[in-house]
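Read-outs: derived from the displayed coordinates by stated rules, not from any lab. Keep in mind the model is a prediction, meaning the values are calculated, not measured. All Cβ positions, even for glycine, are placed from backbone atoms using ideal geometry, and neighbour counts span all protein chains on display.
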Amino acid sequence: MPKPKAVIDYTRCHPERCDTGVCAAVAECSLGVLRQGAPWEVPYTLQDFCVGCGKCRIACPFKAIKMV
Ligand code: SF4
Ligand code: SF4
């Protein structure tokens, strides 16, 4: 079975509610798979490179990241 990948639920992701618009989950992804172009923008993933560790999911206070 393929490993799960991080998927952002954009109905839940609201960077304006995160501290200074910075995605708290990005800092948890040491591989740089989860990215945010600039503060206040919604983050995105380079899904092919996600190893499914789930650290970003735990870091998001709004449960906007799911492992699928
Ligand atoms: S994924 Fe979570 S922590 Fe990151 S910007 Fe969206 S709501 Fe904020
Ligand atoms: S599951 Fe792990 S590798 Fe994938 S985006 Fe989240 S922190 Fe990065």
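Kindly indicate whether any position in the range 43-50 is touching a residue at least 40 places away in the same chain (Cβ under 8 Å) and within 8 Å of ligand 1 (Cβ to nearest atom). No, the range 43-50 has no match at all. Annotation: of all residues in the range 12-33 being out of contact with any strand residue (DSSP E or B) (no Cβ under 9 Å at 6 or more places or on another chain) and not in a helix (DSSP H, G or I), the one that is nearest to A59 (Cα to Cα) is A24.
Considering only residues that are touching a Lys or Arg at 6+ places or on another chain (Cβ under 9 Å) and more than 10 Å from ligand 1 (Cβ to nearest atom), look in the range 5-31 and name the one that is nearest to K55 (Cα to Cα). Ranking the qualifying residues of the range 5-31, first place goes to C29. Within the range 1-30, the residues that satisfy the criterion of being surrounded by 12 or more Cβ atoms within 10 Å (Cβ to Cβ) and among the aliphatic types (A, V, I, L, M) are A6, V7, I8, V22, A24, A25, V26, A27.
Taking the range 1-39 as the range and being touching a residue at least 12 places away in the same chain (Cβ under 8 Å) and among the basic types (K, R) as the test, the residues that pass are K3, K5, R12, R17.
When the range 34-68 is filtered for residues that are farther than 14 Å from Y10 by Cβ and in a loop (DSSP other than H, G, I, E, B), the ones remaining, listed by number, are G37, A38, P39, W40, L46, C50, V51, G52, C53, G54, P61.
Of all residues in the range 31-64, none satisfies the criterion of being surrounded by 14 or more Cβ atoms within 10 Å (Cβ to Cβ) and of a type in the set (D, E). Restricting attention to the range 1-11, which residues are β-branched (V, I, T) and under 14 Å from A59 (Cα atoms)? Selection gives V7, I8.
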